[in-house]
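*Asks:* Sharing a structure here in structure tokens format.
The values are calculated or read from the model by the stated rules, or taken from the named source; none is laboratory data. Predicted model only: the values in this text are computed from it and were never measured. Heads up, the Cβs are rebuilt from the backbone with ideal geometry, glycines too, and the neighbour counts pull from every protein chain shown. The area values use the complete protein model at the heavy-atom level, side chains included, leaving out ligands, DNA and RNA. Shrake-Rupley method; radii C 1.70, N 1.55, O 1.52, S 1.80 Å.
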Amino acid sequence: MNYGFKDAFSLEKLWFADSYLAIDQGPIIIGIENYRSGLLWSLFMQCPEVKNGLTKLDFTSPNI
């Protein structure tokens, strides 16, 4: 049964741990990646529903 993110992996050796991260640790990984590359925020801000909602709330940004 799958529970979420695997605890560890190696793409070079195609190895994945048998254990899983605790439910509260998954968002930490997402936060680290977003801090590192900004990818998740960029993808979020490309979503038309998000852009529409921010525009309706009178938020301004050069990216909207």
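*Asks:* For PHE5, list long-range residues whose amide hydrogen, built 1.01 Å from N in the peptide plane, is under 5 Å from its own amide hydrogen.
*Replies:* For PHE5, whose amide H was placed from the backbone, the distant partners under 5 Å are LEU21.
*Asks:* Apply the Karplus parameterisation 6.51 cos²θ - 1.76 cosθ + 1.60, with θ equal to phi minus 60°, to every residue of region 17-33 and state each ³J(HN,Hα) to the nearest whole Hz, in sequence, with x for glycine and proline.
*Replies:* 5, 7, 8, 10, 6, 5, 4, 7, 8, x, x, 5, 4, 5, x, 5, 5
*Asks:* Place a point 7 Å from Cα of LYS51 in the direction of its Cβ. Which residues in region 24-45 have their backbone N less than 14 Å from it?
*Replies:* So the set is 42-45.
*Asks:* Next question, about the same structure. Over the chain, average the accessible area per residue using a 1.4 Å probe and give it in Å², no decimals. Walk me through the numbers before you get to the answer.
*Replies:* On the way: 5830 Å² over 64 residues.
I get 91 Å² per residue for the chain.
*Asks:* Further question: Are there GluC sites (Glu not before Pro) in the chain that DSSP puts in a loop and that have at most 10 other Cβ atoms within 10 Å, and which ones?
*Replies:* GLU12
*Asks:* Run the accessible area of the chain with a 1.4 Å probe and give the carbon-and-sulfur part as a rounded percent. It would help to have the intermediate numbers written out before the result.
*Replies:* Values: 3640 of 5830 Å².
Solvent-exposed carbon and sulfur of the chain make up 62 percent of the total.
*Asks:* Would you kindly state the longest site-free stretch of the chain, with sites defined as chymotrypsin sites (Phe, Trp or Tyr not before Pro) in a DSSP loop (not H, G, I, E, B) surrounded by at most 15 other Cβ atoms within 10 Å?
*Replies:* Working: sites that count: TYR3, PHE59.
Looking at the chain, 4-58 is the longest stretch - no exposed chymotrypsin sites (Phe, Trp or Tyr not before Pro) with at most 15 other Cβ atoms within 10 Å.
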